[in-house]
1. Would you kindly derive the ³J(HN,Hα) couplings of segment 36-44 from the backbone phi angles with the Karplus curve 6.51 cos²θ - 1.76 cosθ + 1.60 (θ = phi - 60°), listing them in order in whole Hz, with x for Gly and Pro?
2. How far is it, in nm, from the label point at LEU24 to the one at VAL72 when both lie 7 Å from their Cα along the line to the Cβ?
3. I'd like the Karplus ³J(HN,Hα) series for segment 22-30: coefficients 6.51, -1.76, 1.60, θ = phi - 60°, whole numbers in Hz, and an x wherever there's a Gly or Pro.
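Quick note: the coordinates plus some simple rules give every number you see, no bench work behind them. Here the structure is a predicted model, which is why all the values come from computation and not from measurement. Glycine also receives a Cβ, built like all others from the backbone with ideal geometry; neighbour counts cover every protein chain displayed.
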Amino acid sequence: MLEQVGLPISSPWIYAVVALSVLLDVFLPVLPSGVLVITAATAAAAGTATDVPDILALTLCAATASVLGDLVAYRLAWRGGARLDRAISRSRRLTTAQQRLGAALARGGGALVVLARFAPAGRSVVSLGAGAAHRRARDFLPWSALAGFTWAVYSVALGWFGAHWLGATWLATAVSVGALFGAGAGAAFLMRREPRTS
């Protein structure tokens, strides 16, 4: 399936493409990293370990790239200085995310970080917000790791089980991608409701 869209499916290359896409989508949320992970998992479910990605390696690759991307965004925002602070203060969304993230981390909880990993552009807002607000790395990074691992397991599982239930077809990929977008919409809804319920 991946060969049909011109993507290399041999193990080293697909891992590199997945890692780069997941790493960079914290800065460019329009990158289809989730779609790529699902498509690779669908291909893995259809073939043998010699010519398709290994499911465990694909999951670890996506999770690691997610955490590294969060860390890079966090550190860049931390060092951003007055210019970044001014840019964030002009964005109601980033300002609100900073306040909510700070409150969540201060309470010892980071469910917002995990939810944000699924919401559209939520990962960017939370990672940049945590860095710009100078939240402690030990408060943010464990939640980022949990978020990245949860997202990677969910995305790979969607592709894997979709292929087993519907076959390794574009329909299986489309249904799995729909489920990923559904999770994103649900996460965005919960993030908007969270202040009223807490």
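1. In residue order, the calculated couplings are 5, 4, 5, 5, 5, 5, 4, 5, 5 Hz.
2. 0.9
3. Listing the rounded values in order: 5, 4, 7, 6, 6, 9, 10, x, 7 Hz.
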